[in-house]
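Undergrad: My structure is below; once you've seen it, I'll send some questions.
The values are calculated or read from the model by the stated rules, or taken from the named source; none is laboratory data. On a predicted model such as this, the values are computed, not experimentally measured, just so you know. When we count neighbours, we look across all protein chains shown, and the Cβ atoms used for this are built from the backbone with ideal geometry, even at glycine.
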Amino acid sequence: MEKPTLRVGSVSRMSPEDHARLREQVEAHGCVHLIQTGEQDSPVDTLRALSVHFGDPVFHNLSDEYGIHPIRYIPGYPEYANANVEELGLHTDGSFEKTPPAFMLIHCEAASGEGGDSTLASGDRLYNHLKAAHPDYLAALSAPGAFTIWRDDRMAERSVFTQMGKRIRLAYRSGYDVRIDIREDAVEAFHHVRDWLLQPENFVRFKLQPGETLIFDNMRMLHGRTAFSRDSNRSLYGLWCNGVSGDGNAVSCGIDPGRLAA
Ligand SMILES: [Fe+2]
């Protein structure tokens, strides 16, 4: 799969053309890896400046007044994947919330020496694969309530692929920190997705470096990370955005079957 890279001087001094290219990359590929080549702004300033394209912040327990939350080992928060060091398989965020976040921005302050690599897979490719090779699986995964997911007091019934107007929203999760019940007629399809996501040609793996930002469409891309040491000083900051901005100018999210068919 393709992960586009965009190089800019400093985020705070991006030109209107830089901003337009950023939007184009996310629209075209569902993600962009932004590298600052000049003086770096603070993680908070960087994320706030970039988020103007992706809607309003989505807040949660560990986020600050701007919705920005730390992603590093924090003892005492076993329930938060972001505060822990274990491997996280490819997933979308917030599948147990009523409305999952539309976009995620991750900014790297310090990388870990060993491990802590980022992984990314394309929901467009997954959708195309199922449509061409396993339409029965695609139908089973698109049925309402294909899986039910619980995390602490939250629960949601979901499809892996949900039609939202002309777009399709992807939701997928597996792993140690959530409970998932898959509807009987979707079990085989769900396992097929799990196995597809383990094949090296279906994801990219890379290490975010200090000053770099990864932006992705959480309704179209899956993300994960490899394990790292608790002693590592890996420090990232995350910001979820809801894809809805006051000026109506946020980038559109989700898989676009019309684009894929073109
Ligand atoms: Fe995540």
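Undergrad: Only residues that are within 17 Å of the chain's Cα centre (by Cα) and of a type outside the set (Ser, Thr, Tyr): list them for region 229-252, please.
TA: Leu236, Gly238, Leu239, Trp240, Cys241, Asn242, Gly243, Val244, Ala250, Val251
Undergrad: A follow-up question, please. Under 8 Å between Cβ atoms, at least 6 apart or on separate chains: pull out the pairs that start in region 166-194 with a residue that is touching a residue at least 24 places away in the same chain (Cβ under 8 Å) and of a type in the set (Lys, Arg) and end on any residue that is surrounded by fewer than 17 Cβ atoms within 10 Å (Cβ to Cβ) and in a helix (DSSP H, G or I).
TA: Lys166/Gly258
Undergrad: Assess whether Met155 counts as being in a strand (DSSP E or B) and within 14 Å of the ligand (Cβ to nearest atom).
TA: It is false that Met155 is in a strand (DSSP E or B) and within 14 Å of the ligand (Cβ to nearest atom).
Undergrad: Restricting to region 1-21, and then to whatever is under 16 Å from Gln209 (Cβ atoms) and either among the polar types (S, T, N, Q) or in contact with a His (Cβ under 6 Å, 6 or more places away or on another chain) (or both), can you tell me which residue is surrounded by the most Cβ atoms within 10 Å (Cβ to Cβ)?
TA: Looking at the filtered set, the residue picked out is Lys3.
Undergrad: If we only count strands (runs of 3 or more DSSP E) wholly inside region 195-258, which ones have 3 or more residues that are touching a residue at least 12 places away in the same chain (Cβ under 8 Å), within 14 Å of the ligand (Cβ to nearest atom) and among the charged types (D, E, K, R)?
TA: Qualifying strands (runs of 3 or more DSSP E): none found.
Undergrad: Ok, one more. Can you pull out every residue in region 68-127 that is β-branched (Val, Ile, Thr) and at pLDDT 95 or above?
TA: Result: Ile68, Thr92, Ile106, Thr119.
Undergrad: Give region 174-194 a look and list any residue that's assigned to a loop (DSSP other than H, G, I, E, B) and either within 16 Å of the ligand (Cβ to nearest atom) or closer than 23 Å to Asn242 by Cα (or both), or say none.
TA: Ser174, Gly175, Tyr176, Asp177, Val178
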